[in-house]
Protein chains: 2
Amino acid sequence: MITVDEAFARIIAQKIELPVTELSLEEAVGKVLGEPIYADRDFPPYHRVTMDGIAIRYEAYQAGEDTFRVEGLQLAGAPAQTLTSKDECLEVMTGAILPKNTDTVIRYEDVSITERRGKRYAHILAAPKMRLQNVHQQGSDRRATDLLIPEGTILSPAEIAVAASVGKSSLKVAEAPRVAIISTGDELVEVTQTPLPHQIRKSNSYMLQAALREQGVTADVFHLADDKALLLNELSEKLKKYAVLVLSGGVSKGKADYIPEILQELGVEQLFHEVAQRPGKPFWFGKHAAGPVVFALPGNPVSTFVCYYKYIQPWLRTVLGAAPAWNLQAHLTTEVTFNPKLTYFLPVKIFITANGIWRAQPITIGGSGDFAGLLAADGFLELPPDQMKFSAGESFPLICFRG
Amino acid sequence: MITVDEAFARIIAQKIELPVTELSLEEAVGKVLGEPIYADRDFPPYHRVTMDGIAIRYEAYQAGEDTFRVEGLQLAGAPAQTLTSKDECLEVMTGAILPKNTDTVIRYEDVSITERRGKRYAHILAAPKMRLQNVHQQGSDRRATDLLIPEGTILSPAEIAVAASVGKSSLKVAEAPRVAIISTGDELVEVTQTPLPHQIRKSNSYMLQAALREQGVTADVFHLADDKALLLNELSEKLKKYAVLVLSGGVSKGKADYIPEILQELGVEQLFHEVAQRPGKPFWFGKHAAGPVVFALPGNPVSTFVCYYKYIQPWLRTVLGAAPAWNLQAHLTTEVTFNPKLTYFLPVKIFITANGIWRAQPITIGGSGDFAGLLAADGFLELPPDQMKFSAGESFPLICFRG
């Protein structure tokens, strides 16, 4: 039996080859960028007017001029006009290119515009503070050829906007691996069936499929009977077709728990079996020489849930090429004791105080079979194995599945 | 000009009618549940064995019996067997129904199994502590007909698992409104075009589309030229087809800023124009008597970004029927001063300390046009208007667009 940290390290060390694929900007959001994005021109690409008002030449104002005849209007989207006389001005609109021969914008609020004999004049009420006032200067944010977005970035709407602005209508992103979710357990029937008294409907597969979908990963779902010959045959097929197998059930030491034995018979090298944690202790993990990675999770729903969020989700993020997620922490609202020398994943509800402190209130559930108990929880607090008493106010790592 | 709080209140007060739709379990994750989900039977539905071992009758052990002949094997998925003699036992597997005439499970680790003359005997090594030990009792988590998941819940993988277990293969969810994203501004060209020196490519539309997609909302994207007749005509069409219009640009006081005037001409009642905030001050909001809600955002990319996350995202969540998101807070890493009497949305990068404190480091950006500056940010800290100095360590509400 190994520790949670050791199990985590062995999982994260497993790489798989993933092709890149090209998606439209809309589809790419939330995915991991598979190419670097560079600036094709300066940001902004021209001296950009940031206020509606008039554009003048600063030296004219410095030389004592405070009223300028309005020569014309520079709209956004129009080619740059040229100021013909430095004693005159051009009206300019936000987003427009700064007219040639001008270098300063004074907003409408700081000028008074009057008409005399069919001509318009702008009289300056508040002195411009400096040259290039109200001008977003060409290249001041980024320079052409600058690296804007490194490979491995998770694409938020901010990256999507920047990619659009440099002319990328599609983006290379890491293609999610093909995942097969395989449940076992002869007590399980289909969702659409009415179970007999000793049967229950499948739920782990749907939990896993939903959780993977939230990560942008599509998974196929299968159920296999607790039958050795059938398991051998079917799992052999799945290992040929999928890069990742996530199994649920059949990994304890019961009479029908054939999974570890069969996986090894099929050439999947066992990298560990049993982790010093509750729930989820019987977790089995291995890798096939031909590539596929196999997570064989315990069939108890809460165990499946914990193992997915603690191990599979961060592993997927890593193989897709992204940096680890933020390390959330939360403070226990009340004392908890847990005697076994196991890492304890405690279901908790989260409250954020007015001062921004994340508080974790333990949720009592009826063991690792009580997945309805998770409905009241937001995540799990990871309580370390070398401690038996966990005090109110102490903070621990948080695995969050909501919010 | 109204305050940010007043603008938020006026937006949240606008309801729109949304139909419910039915989605598969996989597709329903992340959506807002549009029906209550009840337990169809007890949770668990039978006395469920939680450890591999033997099942006995507790009174037999109490009466002094400590070795039980193994009568048979109760596998998961098989109908309940019946123990014929209370001095004997049945082997039982995790997940199985507890056999009739038994009430206690002793795990393999606590018994020693020996064979004599072809018969198997289990000798108890560690006394059972109580009746129903290692049994997850029928109905102990939930009772048949209990409300499991109320309407309005955002469906996490936990709810998906529970829905599957009660036989729901599809779920009623609130159908997202039809959204049209409409950019204006004659300086904008298509992503696939090479802009002239005074032009830039569209980016706000893609940002908005991506952000909406992350909320599970599909949006159609349009661009309209700064032409009054065309705007009147096209916006009139859009108001007939979409429940929500999100416009970007044309709401300031420039010569080509026709949007507020045209919207009112089309019967959209102005609920506010201008909010005491930076960036995003020129934000216009209104509602058409026939239903559609119109968010007309300033065209500066950072303004569009802030207004989406501050107003549109929470509004969508509300109209879909979900509770508000968690109120995140973060602590400034360094002092900030901001003099205008405006709410200041400060771009920040987030660091979470080992003790779970969210720290917000201000990101200097080149004004509301510097959307490349957002690449370094994780969100915005909302600094209130009635304060000019914001001290290091002080905490403020956080709007987060990553993590």
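Read the figures in this text as sums done on the coordinates, not as results from a lab. Computed from a prediction, not measured in an experiment: that's the story for all the values here. A quick note on method: Cβ atoms are made from the backbone with ideal geometry, for glycine too, and the neighbour counts reach across all protein chains shown.
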- Query: Under a point spin-label approximation (7 Å from Cα along Cα-to-Cβ), what is the A:A323-B:S112 distance to one decimal in nm?
  - Reply: 5.8 nm
- Descending Cα extents along the principal axes, the protein assembly as shown, whole Å: 123, 52, 47
- Query: Hey, how many Å between the Cα centroid of the range B:216-236 and the Cα centroid of the range B:387-403?
  - Reply: 36 Å
- Note on the structure: Diffing the range B:332-337: the Karplus 3J(HN,Hα) column from phi (6.51, -1.76, 1.60, θ = phi - 60°), in whole Hz with x for Gly and Pro, holds 4, 7, 8, 5, 10, 10
- What list of ³J(HN,Hα) couplings, whole Hz, do you get for the range B:279-292 from phi and the Karplus terms 6.51, -1.76, 1.60, once you set θ to phi - 60° and write x for glycine and proline? x, x, 3, x, 3, 10, 9, x, 9, 8, 4, 6, x, x
- Compute the signed sum of charges (Lys and Arg +1, Asp and Glu -1) over the other residues within less than 15 Å, Cβ to Cβ, of B:T3. 0
- Task: Once you've got the GNM for chain B with C-alpha springs shorter than 10 Å, pick whichever of B:L239, B:L83, B:L224 has the biggest mean-square fluctuation.
- Result: B:L83
- Query: If the limit is 26 Å between Cα atoms, which of A:K15/A:K241; B:K31/B:K310; A:K228/B:K168 go over it?
  - Reply: A:K228/B:K168
- Task: Using the number of other C-beta atoms within 10 angstrom as an exposure proxy, rank A:H273, B:H47 with the fewest first.
- Result: A:H273, B:H47
- Cα centroid of the range A:130-200 to Cα centroid of the range B:243-275, whole Å: 32 Å
- Item | Rg and Dmax [Cα atoms of the range B:185-296; Å; Rg one decimal, Dmax integer] | 14.3, 42
- Restricting to Cα pairs under 8 Å and 6 or more apart, the percent relative contact order of the range B:48-136 works out to 38 percent
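What list do you get for A:M130, A:M51 if you sort them by fewest beta carbons within 10 Å?
Listed from fewest to most nearby Cβ atoms, that is A:M130, A:M51.
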- Mind listing the long-range amide H neighbours of B:V191? Cut-off is under 5 Å, sequence gap 5 or more, other chains count too, H placed in the peptide plane at 1.01 Å from N. B:K202
- Furthest towards positive pole of dipole, A:H288, A:S236, A:L73, structure part chain A, Cβ charges: A:L73
- Please say if the range B:98-154 is rounded, prolate or oblate, where rounded means a/c under 1.5 for a ≥ b ≥ c the square roots of the C-alpha gyration tensor eigenvalues, and otherwise the choice is prolate for a/b larger than b/c and oblate otherwise? prolate
- Task: Give me the Debye-computed log₁₀ of I(q)/I(0) at q = 0.13, 0.16, 0.18, 0.32 Å⁻¹ for the range B:42-94, equal point scatterers on Cα only, no solvent, two decimals.
- Result: -0.33, -0.49, -0.60, -1.30
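Would you mind computing Rg(Cα) / (2.2 N^0.38 Å) for the range A:110-227, counting N as its residues?
2.29
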- Query: Per Stokes-Einstein, at 4 °C and 1.567 mPa s, what whole-number D in µm² s⁻¹ belongs to the range B:229-377, with the Kirkwood radius over Cα pairs as the hydrodynamic radius?
  - Reply: 75 µm²/s
- Query: Taking H as built 1.01 Å from N, whose amide H comes closer than 5 Å to the amide H of B:Q74, not counting residues under 5 places away?
  - Reply: B:E91, B:V92, B:M93
- Around B:P362, with a cut-off of 15 angstrom between Cβ atoms, what is the net charge of the other residues, counting Lys and Arg +1 and Asp and Glu -1? -1
- Could you tell me the convex hull volume per residue, in Å³, taken over the Cα atoms of chain B? 202 Å³
- Message: Suppose a student asked you for the relative contact order of chain A, using Cα pairs under 8 Å spaced at least 6 residues apart; what percent would you report?
- Response: 15 percent
- Can you tell which of B:K129, B:K349, B:K253 shows the greatest fluctuation in a Gaussian network model of chain B with Cα springs below 10 Å? B:K129
- Mind putting together the pair-distance distribution for the range A:48-136? All Cα pairs, 10 Å bins, whole percent per bin, short to long. 20, 58, 21, 1
- In degrees from 0 to 90, rounded to the nearest 10, what is the angle of the helix A:204-214 Cα long axis to the longest principal axis of chain A? 20 degrees
- Cβ density ranking, 10 Å radius, fewest first, applied to A:I182, B:I16, B:I124 yields B:I16, B:I124, A:I182
- Task: Could you list which residues have their amide H under 5 Å from that of B:V111, counting only those 5 or more apart in sequence or on another chain, with H placed in the peptide plane?
- Result: B:L125
- To the nearest Å, what is the center-to-center distance of the range B:6-47 and the range A:317-340, using C-alpha atoms only? 28 Å
- Note on the structure: Rg (one decimal) and Dmax (whole number) from the Cα set of the range B:329-400, in Å, equal 11.7, 36
